[in-house]
Each structure stands twice: as structure tokens, then as C-alpha cells.
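The values are calculated or read from the model by the stated rules, or taken from the named source; none is laboratory data. The shown structure was predicted, so the numbers you read here are calculated from the model rather than taken from an experiment. Cβ sites come from the backbone with ideal geometry, for glycine too, and all protein chains shown count toward neighbours.
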Amino acid sequence: MGGARLAFIPPMEPKLVAKPPGGEDWIHEIKLDGYRSQIVINSPEDIRVFTKTGADWTSKYAGLVEAARELEVENAIIDGEAVVTNAAGLPDFAALQKAVHNDPYAMILGAFDILHLNGHDLRDIGCKARREILFGKIKPNSRIQFSEAMPGDAKAIFYLADQAGLEGIVSKRADSKYRSGPTSNWLKTKSWTVDEFELLGVEREPGKAAFALLAEPGTGKYLGTAFISLGRDMKERLLKWVREHAGPPPEAMKKRPATQWVGPGVKLRVKHLRGDHSHIRHASLLGFSDEE
């Protein structure tokens, strides 16, 4: 039994893969679209909630602190994802971003792992067994809810998650120990989504693929690049538009000598991984927004 005060432990981070793993040795959960959060309980009076990087967000998560106080534990570290749900019961990332600044009682924690309990370090116990311990501590109708494993075939689970507009799934080796940092014992498979972004410019280096630099419509906030995978006609039209509508680089952007900047006015349809909000990833250009 350890008497030392529990502190934040850097989380175990799943590796992004293109398709979920097969076989019987995996647990599959819905990937919740929120903020990775860790609740550290030292006593009912000493409960803190940390972000993925270890920032103390206890004051922003007052509802989760109250829920953690109701758990019948002496001390514990619980790993999960803080979310805010919409009317359909699905995680709503935009609502979460607002709630973090305005409503510390709006969040629910989808709890999926437990690292410590009542003086015992559980990280060397297998994932499935840790989750059974966690499940035994969760109370019904609490703001801390258990992230259920989905029964059935991984491909079918992922297909259903995609159809439901969810971010994807996380697959975990049933016997995996908890180890901080990136791991291939946990795998995340993300769904694709199509959104509209504003074109900032096109980056073309000799001998390399061309990329569109994209911004959030209305704000001009840079969100990343998309591979220009259009057909030849569409690509020619895009490059013609870029030539004819040259503009100055945005003030906040670092110098990019291979980029042709454009003035505002063209919106593009882009396919990218769902759930990447502050920076789009694995993005490809589908065409102009006005050509639905």
C-alpha cells in the first residue's frame, strides 16, 4: 500500500491506423470526440483533473470533480475523454470548446481506464482486467460514465461508427499493460469527413505534389494543408484562379517561398480525418464548394 500522493501520469496514446485490427485479442471502443482527461483522486477534498499534457483544468471541470467525489474510493487515477453531447446524444466538440470557458458542469467523462486504486498501481494488470475494475467503481447516472466495449467484428463496429458520424474507434489489446506515451498496443481508426475550407494559397515545389493551404471560413485561421488530388481540368481551374487572384500572405503565416498566396473568396471541399479540429490531417481536395 503506497502512502505517496498520486500525481498526473502522462497518458498512453494510440497509434493512428488505416483500418482496425482483426482477431479476438482486441477490445474495441467508440473514439469519443472530446478532450483526453485524467482524474487524480487523493481524497474527497483533493481531486484534480488534468489535460493530456498535464495542465491542471480542475476549475473547468467542476462537474467531474463532484462526480469523482461520489466514487467509493480512497484514491484513484482514472483515464478518459471529457465530452459534451448534443440533442442526439453524440459528442459535440464545438459545444465542448464553449463549455470549457463557460460551463464547468456541462461535461461528461467517458472513463475507459484506471491506473491506480486505493494505494495499488494497476498499470501492470492487463487492459481488460483494469477496465473490469473500473466498471465496478462507476456509479449509474453519474457524469463519469463507463466507455463500453462494442461487441462484434472490428470492421462492422467501425462501419457503424462511421455511419453514425462518430470520430472512429479505438482498439486495445486485451492483455496490454498501461505504458505512458505512443503505443501500438492501442490503435485508433478514424472516420473520414468532408468539410468546406477557405483557400489561402497553393504551395508548389518543383518535383513535389502541390498542396492547398486552408483556413477556417470566416476567421481566416490556418488549419493545415490538403493534397491537391483533383482531375486535370479541376486542377487547371484551381491554378488559374490562383494566378488571377493573387493576394498578400496572411500576417500570421511564416514565410513560405514556394507558396502562391490568394485573396479571399474561394471555398473548397476537403476530405480529412474526422475529429481533427485545430489542425486538419491527411486531407485531400475534392473540388470547389460551389459545385455540389
Discussion item. Could you check region 80-135 and list, in sequence order, the residues that are among the acidic types (Asp, Glu) and within 25 Å of residue 173 (Cα to Cα)?
Written reply: 81, 113, 121, 124, 132
Worksheet entry | Residue ID - farthest from residue 287 (Cα to Cα), chosen from residues in region 240-262 that are of a type in the set (A, V, I, L, M) and modelled with pLDDT of 85 or more | 246
Worksheet item: Does region 44-54 include one or more residues that are under 15 Å from residue 110 (Cα atoms), aliphatic (A, V, I, L, M), outside any helix (DSSP H, G or I) and within 24 Å of the chain's Cα centre (by Cα)?
Response: yes
Fill in: Criterion (farther than 18 Å from residue 144 by Cβ, among the β-branched types (Val, Ile, Thr), touching a residue at least 60 places away in the same chain (Cβ under 8 Å) and assigned by TED's automatic domain parsing to the domain that holds residue 146) met by exactly one of 27, 39
27
Worksheet entry | Top-ranked residue in region 6-18 [being assigned to a loop (DSSP other than H, G, I, E, B) and at pLDDT 95 or above; ranked as nearest to residue 149 (Cα to Cα)] | 11
Worksheet item: Here are some residues: 197, 135. Which one is aromatic (Phe, Trp, Tyr), part of a helix (DSSP H, G or I) and either out of contact with any Gly (no Cβ under 6 Å at 6 or more places or on another chain) or not assigned by TED's automatic domain parsing to the domain that holds residue 283 (or both)?
Response: 135
Practice prompt. Hey, can you tell me all the residues within region 178-209 that are surrounded by 20 or more Cβ atoms within 10 Å (Cβ to Cβ) and over 23 Å from the mean Cα position of the chain (by Cα)?
Written response: 199, 200, 201, 202
Practice prompt. State all residues of region 181-219 that are under 30 Å from residue 156 (Cβ atoms) and of a type in the set (Asp, Glu); if no residue qualifies, say none.
Written response: 195
Worksheet, complete the sentence: How many residues of region 152-184 are in contact with a helix residue (DSSP H, G or I) (Cβ under 8 Å, 6 or more places away or on another chain) and assigned to a strand (DSSP E or B)? The answer is 5
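Taking residue 113 as the residue in question, decide whether it is closer than 18 Å to residue 146 by Cα, charged (D, E, K, R), out of contact with any Gly (no Cβ under 8 Å at 6 or more places or on another chain) and not in a loop (DSSP other than H, G, I, E, B).
Values: closer than 18 Å to residue 146 by Cα: yes; charged (D, E, K, R): yes; out of contact with any Gly (no Cβ under 8 Å at 6 or more places or on another chain): no; not in a loop (DSSP other than H, G, I, E, B): yes.
No: the conditions fail for residue 113.
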Response to the item:
Those residues of region 72-91 which are part of a loop (DSSP other than H, G, I, E, B) and touching a residue at least 24 places away in the same chain (Cβ under 8 Å) amount to 72, 73, 74, 75, 84, 90
Practice prompt. Select from region 55-92 the residues that are surrounded by 16 or more Cβ atoms within 10 Å (Cβ to Cβ) and within 17 Å of the chain's Cα centre (by Cα) and list them in ascending order.
Written response: 79, 80, 81, 82, 83, 84, 85, 91, 92
Worksheet item: Under 8 Å by Cβ, and 6 or more places apart or on different chains, what pairs join a residue from region 219-242 that is in the same structural domain as residue 282 (by TED's automatic domain parsing) and outside any loop (DSSP other than H, G, I, E, B) with one that is among the aromatic types (Phe, Trp, Tyr) and surrounded by 15 or more Cβ atoms within 10 Å (Cβ to Cβ)?
Response: 223/197; 225/211; 226/197; 226/211; 227/211; 234/288; 237/288; 238/288
